[in-house]
Amino acid sequence: MKNVGIIGSGTMGIGIAQVAATSGCEVFLYDQNSAQTEKSLASLKKILNRLVEKEKISSQKSEDIFNKIKPCTELQDFKDCDLVIEAIIENKEIKTKVFQQLENIVSDECIISSNTSSISITSLSSELKNPKRFIGIHFFNPAPLMPLVEVIPGLLTEKTLAFEITALMESWGKVPVIAKDVPGFIVNRIARPFYGEALRIAEENIATPEQIDDAMRTLGNFKMGPFELMDLIGIDINFSVTKTVYADYFFDPKYKPSLLQQRMSEAKLHGRKTGKGFYDYSENAQQPAP
Ligand code: NAI
């Protein structure tokens, strides 16, 4: 797997690009918003510089990783890719359009995958001319640091593809697990009640987000509380995932989305990436994030 295309250069796309480039792949990175690609590459440069300062990698390695990532201005640049990983907005219609466009550009052998957190892999693949080559490859945030990757074959995916991707993820230093194509797969299904109950506790004024996070960190030994995590993931992404899982489990009340999260999503209080979510990440924050 030499040439890897990544669609979407946001939180996940740039992280996956770093992982693939670190493993020696040539990475083609495309986003419809080229300013986002520039911004993400600038922050990757800072991350790599920090790794050099901490003597985790050599400056040569840092340069090699950075130079392996080629920013692209059109999907046409993906024509020689062996694998494409999509990491754009969590919306089935928009993802489908991009895959249909991509199918006319890449070779018949190219594997097409999605980093979706919740959308059915089977439903995405069924919109393609060749659904056999389509699979879910779900990284966790931040992709360079989180070892787990869920590999999700859909009902129409070629049987051997999950094993091929599992081997590839291992070669990228990840710990893959093959998951069934159910709403939320493994981790996001477990995580829905975790976030949902935390949001209900805050909405019922039983405790504030700060108190809940503090309790989970100091008493529960979690690295981060649910509200800090939602700010890291992105309130918009988290809300979309919850809506999909709720609808796809035929509106099981266990997964019911929160009105507070809906309003925050509408207000673009998306968390770290917009500077404000449950916590304030701006420089002059009155109540700085933990
Ligand atoms: P993000 O909002 O940080 O980045 C999405 C990027 O996609 C943006 O830069 C946007 O300009 C671009 N984009 C939107 N529509 C596009 C199109 N039609 N063509 C090309 N680029 C387009 O989102 P994030 O957080 O990186 O999530 C991306 C995907 O990864 C989603 O499917 C999400 O569910 C999944 N995911 C997110 C995780 C997280 O913690 N944020 C964790 C694991 C998976």
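Read-outs: derived from the displayed coordinates by stated rules, not from any lab. None of these values were measured; they are calculated from a predicted model. FYI the Cβ positions are ideal-geometry reconstructions off the backbone, even for glycines, and counts take in every protein chain you see.
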Counting only DSSP beta bridges with both residues in the chain, what percent are antiparallel, rounded to the nearest 5?
-> 20
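Order the peptides 209-216, 251-258, 119-126 from the highest to the lowest mean number of other Cβ atoms within 10 Å of their residues. Numbers along the way, then the final one.
Details: 209-216: 18.6, 251-258: 15.1, 119-126: 20.5.
So the order, starting with the most tightly packed, is 119-126, 209-216, 251-258.
Estimate the FRET efficiency between Y249 and D77 by the formula 1/(1 + (r/R0)^6), using the beta-carbon distance for r and 30 Å for R0, to the nearest 0.05.
Working: r = 39 Å, r/R0 = 1.29.
Here the calculated transfer efficiency is 0.20.
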Taking each pair of different alpha-carbon atoms in the chain once, compute 1/r for the pair, average those values, and report the inverse of that mean as the Kirkwood hydrodynamic radius in Å to one decimal.
-> 19.8
Simple SL model, points at 7 angstrom along Cα→Cβ for A267 and I94; separation in nm is 2.2
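I need the GluC sites (Glu not before Pro) found in region 26-91, filtered to DSSP loop residues with at most 15 other beta carbons within 10 Å of theirs.
Numbers: sites: E26, E38, E53, E55, E63, E74, E86, E90; in loops: E55, E74, E90.
Those satisfying the criteria are E55, E74.
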³J(HN,Hα) across region 150-155 via Karplus (A = 6.51, B = -1.76, C = 1.60, θ = phi - 60°), whole Hz, x for Gly/Pro?
-> 8, 10, 10, x, x, 4
Which cross-chain or sequence-distant (5 or more) residues have an amide H under 5 Å from the amide H of C25, H modelled 1.01 Å from N in plane?
-> none
What residues have an amide H closer than 5 Å to that of H270, excluding those fewer than 5 places away on the same chain, when H is modeled at 1.01 Å from N in the peptide plane?
-> K276
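Taking 0.36 nm per intervening residue step and subtracting the Cα-Cα distance, what contour gain separates D64 from K45 on full extension? Show your work: numbers first, answer last.
Details: separation 19, 0.36 × 19 = 6.84 nm, distance 1.15 nm.
Contour length minus the Cα-Cα distance gives 5.7 nm.
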As a check on your grasp of the helix formula, calculate [θ] at 222 nm for the chain: sum -39500 (n - 2.57) over DSSP H runs of n ≥ 4, divide by the residue count, round to the nearest 500.
-> -13500 deg cm²/dmol
Pairwise FRET efficiency - E164 versus S126, Cβ, R0 = 22 Å, nearest 0.05 | 0.60
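Could the peptides 173-179, 201-207, 77-83 be put in order, highest first, of the mean number of other beta-carbon atoms found within 10 Å of their residues? Write out the running numbers ahead of the final one.
Values: 173-179: 16.3, 201-207: 12.6, 77-83: 18.7.
Highest to lowest by the protection proxy: 77-83, 173-179, 201-207.
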Under a 5 Å amide H to amide H cut-off, with H placed in plane at 1.01 Å, what residues pair with N130 once short-range neighbours are removed?
-> none
